[in-house]
């Protein structure tokens with residue numbers, strides 16, 4: 001039962017990515033530019049899967065912190081690509097805010113790794 | 001024309017991001033993973049933002065993209081350095097085949 005549930009989640013994610021790559025037409029761009037942006041969605045999906053694998057399987061706590069930092073910088077670029085593909089300009093605001101909170105969260109994680117208190 | 005050059009810049013940035021995450025997946029040590037992935041992903045994200053600036057030009061969105069480039073270039077090395085220092089102080093071992101550890105030697109001298 002549990003294993004079946006996990007298989008269903010995996011196939012759903014694969015189906016969504018395949019649908020985005022092959023069947024969504026971004027009509028505000030030229031043909032090859034639309035194709036390139038769809039391929040870029042696939043590559044970003046693979047990058048975030050790598051980061052999440054390192055978060056789940058990392059041997060130490062520092063590995064997980066590094067993977068969270070890298071995932072935060074990746075999402076900044078992903079928001080920019082969403083803004084280019086859909087021609088909505090407010091995605092860049094989301095990416096600026098995400099960069100700020102990712103920086104602060106990484107500094108807090110580094111302080112926690114050093115084993116000190118936060119107010120030192 | 002500007003749009004074409006911008007999308008080419010965006011794709012170069014995505015390729016840099018991919019190789020950075022491949023380094024995060026495959027390298028053997030915390031410090032190796034940290035240096036590979038942080039450099040590659042920072043440069044790739046800055047290239048994506050510069051592509052957005054080339055597409056939009058000097059509008060409000062383009063200026064926000066330039067500001068975000070400056071912010072990412074200033075903060076990503078700081079956070080990577082803090083993470084490496086925290087990992088070394090929390091006692092994470094180096095890889096077996098690594099040759100030198102200057103930070104531990106400096107701490108012994110003090």
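We did not get these values from a lab; they are worked out from the coordinates using the rules stated. Model, not experiment: these values are computed from the prediction. A quick note on method: Cβ atoms are made from the backbone with ideal geometry, for glycine too, and the neighbour counts reach across all protein chains shown.
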Normalised by the number of residues in chain B, what is the relative contact order in percent for Cα pairs under 8 Å and 6+ residues apart? 28 percent
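Rank these for me by crowding, A:19, A:98, going from fewest to most other beta carbons within 10 Å. Can you show the working numbers first?
Values: A:19 10, A:98 17.
Fewest-to-most ranking of A:19, A:98: A:19, A:98.
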With chain A treated as a Gaussian network of Cα nodes joined by springs under 10 Å, which of A:52, A:42, A:14 yields the largest mean-square fluctuation? A:14
Tell me what chain B gives for mean residue ellipticity at 222 nm when only DSSP H runs of n ≥ 4 count, each as -39,500 (n - 2.57), the sum divided by the residue total, rounded to 500 deg cm²/dmol. -28500 deg cm²/dmol
Ignore the peptide's own chain and count Cβ atoms of other chains within 10 Å of each Cβ in B:91-101; give me the average, rounded. 1
At a Förster radius of 45 Å, what calculated FRET efficiency corresponds to the Cβ-Cβ distance of residue A:8 and residue B:101, to the nearest 0.05? 0.45
With label points built 7 Å along Cα→Cβ from the Cα atoms of residue A:60 and residue A:101, find their separation and express it in nm. 2.9 nm
What relative contact order, as a whole-number percentage, does chain A give when Cα pairs under 8 Å and 6 or more residues apart are counted? 20 percent
Can you compute the modelled spin-label distance between residue B:70 and residue A:39, with each label point 7 Å from Cα toward Cβ, in nm? 3.5 nm
Once the Cβ-Cβ distance between residue B:8 and residue A:1 is put in as r, and R0 is 35 Å, what FRET efficiency do you end up with, to the nearest 0.05? 0.10
For chain A, built as a Gaussian network whose Cα springs stay under 10 Å, the top-fluctuating residue of A:99, A:85, A:108: A:108
At a Förster distance of 22 Å, what's the computed FRET efficiency of residue A:89 paired with residue A:19, Cβ-Cβ distance as r, to 0.05? 0.30
Using the number of other C-beta atoms within 10 angstrom as an exposure proxy, rank A:89, B:101, B:96 with the fewest first. B:96, B:101, A:89
Can you compute the helix-only [θ] at 222 nm over chain A? Use -39500 (n - 2.57) per DSSP H run of at least 4 residues, normalise by all residues, nearest 500 deg cm²/dmol. -29000 deg cm²/dmol
Listed residues A:11, A:78, A:44; largest mean-square fluctuation, Gaussian network over chain A with Cα springs below 10 Å, found at A:11
If B:11, A:41 are placed from fewest to most neighbouring beta carbons inside 10 Å, the sequence is A:41, B:11
